[in-house]
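See structure below.
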Number of protein chains: 2
Amino acid sequence: MILSVSCGLCHVTPAPDRNSCPTVSAGEKAEIGVMSAVRSGQHTRPMCFLLLLMILQLGLHTAEGVWPLPQTLISSTERFPLSPQAFYFGYGSQSAARQGCSVLDAAFKRYFYLIFPDYTSGRWNLFSDKNEKDGTLRFSVDKQFTVEVSVDHDDCDGYPNESSSERYNLSVFSGRASLKAVTVWGALRGLETFSQLVYQDDFGSYFVNKTDIEDFPRFQFRGILLDTSRHYLPVQAILKTLDAMAYSKFNVFHWHIVDDPSFPYQSRTFPDLSSKGAFHPMTHIYTQSDVRRVISHARMRGIRVLPEFDSPGHTKSWGKGQPDLLTPCYKGDIPSGTFGPVNPALPSTYQFMATLFKEVSVVFPDSFIHLGGDEVNFSCWKSNPYVRAFMQKMGFGSDFTKLEAFYMENIINITSALNKTSIVWQDVFDYHERIPKDTVLHIWKGTPASYYAELSRMTKAGMRVVLAAPWYINHISYGQDWHNYYTVQPLNFSGTEEQKKLVIGGEVCMWGEYVDATNLTPRLWPRASAAAERLWSDEKQTSNVDKAFPRLQDFRCKLVRRGIQAEPLYVGHCKQEYQGV
Amino acid sequence: MILSVSCGLCHVTPAPDRNSCPTVSAGEKAEIGVMSAVRSGQHTRPMCFLLLLMILQLGLHTAEGVWPLPQTLISSTERFPLSPQAFYFGYGSQSAARQGCSVLDAAFKRYFYLIFPDYTSGRWNLFSDKNEKDGTLRFSVDKQFTVEVSVDHDDCDGYPNESSSERYNLSVFSGRASLKAVTVWGALRGLETFSQLVYQDDFGSYFVNKTDIEDFPRFQFRGILLDTSRHYLPVQAILKTLDAMAYSKFNVFHWHIVDDPSFPYQSRTFPDLSSKGAFHPMTHIYTQSDVRRVISHARMRGIRVLPEFDSPGHTKSWGKGQPDLLTPCYKGDIPSGTFGPVNPALPSTYQFMATLFKEVSVVFPDSFIHLGGDEVNFSCWKSNPYVRAFMQKMGFGSDFTKLEAFYMENIINITSALNKTSIVWQDVFDYHERIPKDTVLHIWKGTPASYYAELSRMTKAGMRVVLAAPWYINHISYGQDWHNYYTVQPLNFSGTEEQKKLVIGGEVCMWGEYVDATNLTPRLWPRASAAAERLWSDEKQTSNVDKAFPRLQDFRCKLVRRGIQAEPLYVGHCKQEYQGV
């Protein structure tokens, strides 16, 4: 029976065979529970109550476990057993990508492990093995199940980009599922959804319910920033973050790779930058091979790697390996021995930057490069007589924002010449509204009131925007602060529909002052997943934190089951607790 | 050369061969650095500056790395090489404990691994192995170093208790160290200190400096509370916490083992309590064997295990496995189906409690039992006609604090009859000042102003007190909140010297609403270590957070090196980063 009713306000209790956390009684769960079937824009209350009762009586598993919530989801009480011995992924006959497609071949294997954790951990009782040891041929009595994947474009060897479709349709029938997507990146999202639909009953048997899903992201750009300068993050910690990002359907890894405290990027062209600017020249660096590994791991999960080389501020560590790059600060008439931002008055600065960004544009295949441009302190520039003379020569008077604008314009031009799109922190727009129209602005400051004003102003100027301000997830506080990340309304600013389309997405920022590999994962997950649903799902269907709570608790237990050290939301437990102690 | 000068205000820069975090420049470090030699109460400023200069010139390693800071520490520039091939722990000829002493034998082996991590991880180039494989006998050319341990009492097979001496003297000479203590528990503290004195130079060679230490704890009771009811903590997570506790010289593990959400303690007498009250009857319980393992692991580290069976409130989970224990709440004249605190009006309640505590008193060898007694909500008692009738019969009128006092008095009497000392949350004293004088009160509420008032009042009444209020470490906030835990002044309340002696110690509480095995360790360490120094060290020598900062950063890197997932204090790095991702 298919529950074809649309039921955005209808809640069901999570089935007892799930990783539910029993601090909420069954009765309470029925109240604050989760959607079983959603289709945006329609609500049929009486049907829902009937449905709710039916589902409660049947103790039914439903698709509430998919996080972030798909745009349209119709699920049924009918369930199909899955046997890891007779489960296959395959390519549809019409698919443009076929066997040999690196992205999907690898994803099939990966998702097999994620779907059947008991089996692949060796805890499964392999009945067939015995027969095989006896030399007898065993024909499986298990009913086969095949997930047939079809994509319109063979983009198996490319990289996801800012216009890649992530749309997919997923239909689960008896004995098979059909997953259709425009691109392999969309197929990856569908595989993630399928993996979350599979569940085990009380006896460990795997099932998936009859389901129909049409899904696509609300925003194209759904990022996570990691800061590898304030603390070095081992490559393994980055790869694990990419894994978890894919589980929440994030698609941009914004790598804030260098900053004041350290320069861990090992440049081919300027090796001194890391050998002198990293915390340690051998152990606390990212080699070219490390970077390739990160980019490749991300690509296989449909994640773009957006590198940030922030300047002219936040560059103290650069100065150690690149003489004459930073501005010498003066005390009166003599250099004080300290250094300020990058020196915008020297031609050598731009030669250096052009060479560095040429390398960066080759190493990082993404079409975006983040140029930073935030928090430039003018006091050192002001103190330097040569900088002041340059200001006079250029006709900037004593307006240092003009000097900063001049510098950023030059850097953006360098990036444009390399056929890359620049993304810059909002500061650049704040003092320099006439930057190239294809530059993307990144909002990081302020309260809702102030970032709404900024969104209006920037989009009115025709600029594309990424919103990060409400998702500074490094800021912690006691209690369920994921509510703050969940209840953001990114488009709730005054502006036309055209303006709203210019908000290309949002980003969760994990700045590194207090974060390294010891606490990154529990601080990031599942709090970032709250933002993930805001950026992927329909806001009308996902505006209520009470409804989201048991779903997110359930999803968090899935993360733990998958080896992600995701912290608890509140009192309770997971069926499989974290075993990594 | 021994720096016998007393120098509480004198700072040195940590030697570059340590796990220092170079966000602070060398010059800044010299300013905010750490004490090299301390003896309480004396300061000789000019000598200190001279000393500082000398030490800076020599690039000397000093004993700043010991956390918590010993009471008296004299260290020297003279250093002795240590070879893991020729390093021994042994018993002094006058020692009451000899080989075969379980606690010290195990500690010797454990500390060997902690002192020589490179060697024991197999990364050491074992030159001698080759010779041995060739069959040739190899006489070590390394100079031997022996740590000779002597204790006055052979308490090897006992448990630490509230009056165990933890005092020790440690002297490091050429080729040997002498560690003298009253008890094996004091010897354990000295071994920890010795292990922190050893360091590696830039070439990986191990050294220890000539040092003299006299040390003892400021407070006898230095506890950490873990809450295993709101989330289940795997035994392994508890054992790891005990390891880290020993590194910070904590000596009481307060096991808040059961509470409303779950009852994981598997009782011999009442197995239904956990089979019905735990999150899961098999996977989320502590068996008798688990409990023994925890107690044994703690004993080997000189840590007492103080169990808490909190009642009459905080007992929801008890009711699932023990019918008629909780008070049925009424709505008007009929039971509402919900339950309140333990029913104090039934004789069966006290029979049950007597039986349970008899078991608990045998299972947990410590002389203290924590009886809880906090946050009792009277509304359910008020609603119940039988409870009200009991109130009338007992002459309590409508004063429910009298009923609560009556209940706690009974429970305390049960505990006393089992020859155990009761410890209760402050609530019990607040409504019932005439509880037995040997009961220990546990302050958990309020701001400094209010807990100082409570400390005055309780000690004036002659009661012993443990202070927990300022160390609710489950409460998190952004930034360096360890300052709050470090700057507590536990004895800064108005009272006589006699009153101050009644403050037997303090406790760091990690309540479990938002904490399980995924985030326990980084949330606990090194923040709890800040409290550890407050409870062990001389307050006058350790009152400045700026001086403490680089020492605590260094200690945190030691924890990471030892496999404790301790989070960073601020921007920077450790020589050996956390490898557990």
#### Entry: Scan of the range B:181-222 for residues that are in a strand (DSSP E or B) and of a type in the set (S, T, N, Q), ordered by number
B:Gln200, B:Asn209, B:Thr211
### Task
Output the number of the condition that B:Ile423 fails; it satisfies all remaining conditions of (1) buried (at least 21 other Cβ atoms within 10 Å of the Cβ); (2) part of a helix (DSSP H, G or I).
(2)
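Sort through B:Thr496, B:Thr521, B:Thr487 and tell me the only one that's under 30 Å from A:Asp260 (Cβ atoms), in the same structural domain as B:Leu239 (by the TED database) and surrounded by fewer than 21 Cβ atoms within 10 Å (Cβ to Cβ). Outline the logic, then answer.
Values: B:Thr496 fails: under 30 Å from A:Asp260 (Cβ atoms); B:Thr521 fails: surrounded by fewer than 21 Cβ atoms within 10 Å (Cβ to Cβ).
Answer to the selection: B:Thr487.
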### Task
Answer yes or no as to whether B:Arg388 is basic (Lys, Arg) and under 27 Å from B:Ile504 (Cβ atoms).
no
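Take the residues of the range A:544-557 that are under 17 Å from the mean Cα position of the chain (by Cα) and away from chain B (no Cβ under 13 Å): which is surrounded by the fewest Cβ atoms within 10 Å (Cβ to Cβ)?
A:Leu552
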### Message
Taking the criterion of being within 19 Å of A:Asp427 (Cβ to Cβ) and more than 34 Å from the chain's Cα centre (by Cα), would at least one residue in the range A:347-364 satisfy it?
### Response
no
### Task
Filter the range A:77-107 down to residues that are over 30 Å from A:Trp525 (Cα atoms), among the small types (Gly, Ala, Ser) and out of contact with any helix residue (DSSP H, G or I) (no Cβ under 7 Å at 6 or more places or on another chain), then give me how many there are.
8
### Message
For a quick check of your reading: which helices (runs of 4 or more DSSP H) sit entirely within the range B:463-543 and have at least 2 residues that are without any contact (Cβ under 8 Å) to a residue 24 or more places away in the chain and within 14 Å of chain A (Cβ to nearest Cβ)?
### Response
none
### Task
Would you be able to tell me the number of residues in the range B:247-294 that are of a type in the set (D, E, K, R) and in contact with a strand residue (DSSP E or B) (Cβ under 8 Å, 6 or more places away or on another chain)?
2
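State the number of residues belonging to the range A:156-180 that are assigned to a loop (DSSP other than H, G, I, E, B) and surrounded by fewer than 21 Cβ atoms within 10 Å (Cβ to Cβ).
12
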### Task
Could you check, for the range B:145-152, whether at least one of its residues is modelled with pLDDT of 85 or more, assigned to a loop (DSSP other than H, G, I, E, B) and not polar (S, T, N, Q)?
yes
#### Entry: Selected residue (only one of B:Phe270, B:Phe279 is away from chain A (no Cβ under 13 Å) and farther than 29 Å from B:Gly506 by Cα)
B:Phe270
### Task
Taking the residues in the range A:194-231 that are surrounded by 22 or more Cβ atoms within 10 Å (Cβ to Cβ) and acidic (Asp, Glu) as candidates, determine which candidate is nearest to the other protein chains (Cβ to nearest Cβ).
A:Asp227
### Query
Pairs, please: C-beta under 6 Å, at least 6 apart or cross-chain, first residue without any contact (Cβ under 8 Å) to a residue 60 or more places away in the chain and under 8 Å from B:Ala405 (Cβ atoms) and in the range B:429-440, second hydroxyl-bearing (Ser, Thr, Tyr) and not in a strand (DSSP E or B)?
B:Tyr431/B:Thr401
### Task
Run B:Ser367 past the list (1) crowded, with 18+ Cβ neighbours inside 10 Å; (2) closer than 26 Å to B:Arg464 by Cα and report the number of the one that doesn't hold.
(1)
#### Entry: Positions within the range A:385-412 being farther than 30 Å from A:Thr287 by Cβ, surrounded by fewer than 19 Cβ atoms within 10 Å (Cβ to Cβ) and not hydrophobic (A, V, I, L, M, F, W, C), in sequence order
A:Pro385, A:Tyr386, A:Arg388, A:Gln392, A:Lys393, A:Gly395, A:Gly397, A:Ser398, A:Asp399, A:Thr401, A:Lys402, A:Glu409
### Task
State the number of residues belonging to the range A:565-581 that are at the interface with another protein chain (Cβ under 7 Å from one of its Cβ atoms) and hydrophobic (A, V, I, L, M, F, W, C).
3
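The values are calculated or read from the model by the stated rules, or taken from the named source; none is laboratory data. Just so we're clear, the structure is a prediction, and the values are computed from it rather than from any experiment. All Cβ positions, glycine included, derive from the backbone under ideal geometry; neighbour counts span all protein chains shown.
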